[in-house]
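Report on one structure; see the data block that follows.
The values are calculated or read from the model by the stated rules, or taken from the named source; none is laboratory data. Bear in mind that the values here come from a model prediction, so they are computed numbers and not experimental data. Cβ placement follows ideal geometry from the backbone for every residue including glycine, while neighbour counts extend to all protein chains displayed. Heavy atoms of the whole protein, side chains included, go into the accessibility calculation; ligands, DNA and RNA do not. Shrake-Rupley method; radii C 1.70, N 1.55, O 1.52, S 1.80 Å.
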Amino acid sequence: MSQPVAFWQKYGTLAQMAQAAVALLGFVAILFQINEIRSNNRAASARQAFLGYTDLAFKNPKFAQPDYDRIKVGGRDEQVQYESFVTYLLYACEEAITAFSGKREWQASCDYDLRPHLPFLCEKNAAEPAYLANYGADTQQWVRASLKTASVTSPDCKLRKT
């Protein structure tokens, strides 16, 4: 005759169950840690990109606060440099806004920096609609909303004074 078996004897000793529980908690802790590391890396990368943009703006004030009409009649090199400057701004803002989605000050900073470039973006979008497709959907929506808010529309693409 066999003796009745307690429920825990079917699954192992109490020590084995405790060991399995600790291992499971450790695994969950590792998952949380990986997620935190990923988040911290994203934030560090976004800060670095925005710092790079800020340095570029400091070294190129003619692009940071552009006279776009003058840039358009300037040489090809200056036009390419300006387009690259705006591209870097959009990339840095895309990274910062994504990494710090809960912090409104990053969005406000990008909104402020984007405003003087809206005439260029309006003309670029009219001439080459695929240009904005280089960015994520949120960035495309942000640029289009900024153009609409500032009433910068094709064909004149002029920034209204406020």
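Table for the structure above
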{"item": "Only listed residue being surrounded by 16 or more Cβ atoms within 10 Å (Cβ to Cβ) and either modelled with pLDDT of 90 or more or aliphatic (A, V, I, L, M) (or both), chosen from Ala127, Ala99", "result": "Ala99"}
{"item": "Meets criteria (within 28 Å of the chain's Cα centre (by Cα), open to solvent by 70 Å² or more (accessible area, probe 1.4 Å) and of a type in the set (D, E, K, R)) for Arg70", "result": "no"}
{"item": "Residue check, Ala20 surrounded by 11 or more Cβ atoms within 10 Å (Cβ to Cβ) and closer than 24 Å to Asp113 by Cβ", "result": "no"}
{"item": "Any hit, the range 59-74, residues being in a helix (DSSP H, G or I), closer than 24 Å to Gln140 by Cβ and acidic (Asp, Glu)", "result": "no"}
{"item": "Verdict on Gly26 being in contact with a Phe, Trp or Tyr (Cβ under 9 Å, 6 or more places away or on another chain), assigned to a helix (DSSP H, G or I), more than 23 Å from Gln141 (Cβ to Cβ) and open to solvent by less than 70 Å² (accessible area, probe 1.4 Å)", "result": "no"}
{"item": "For Arg38: the one exception among (1) open to solvent by 60 Å² or more (accessible area, probe 1.4 Å); (2) at pLDDT 90 or above; (3) not aliphatic (A, V, I, L, M)", "result": "(2)"}
{"item": "Residue check for Glu83: part of a helix (DSSP H, G or I) and under 19 Å from Arg47 (Cα atoms)", "result": "no"}
{"item": "Hits in the range 129-156 - residues which are in contact with a helix residue (DSSP H, G or I) (Cβ under 6 Å, 6 or more places away or on another chain) and over 17 Å from Leu90 (Cβ atoms)", "result": "Ser154"}
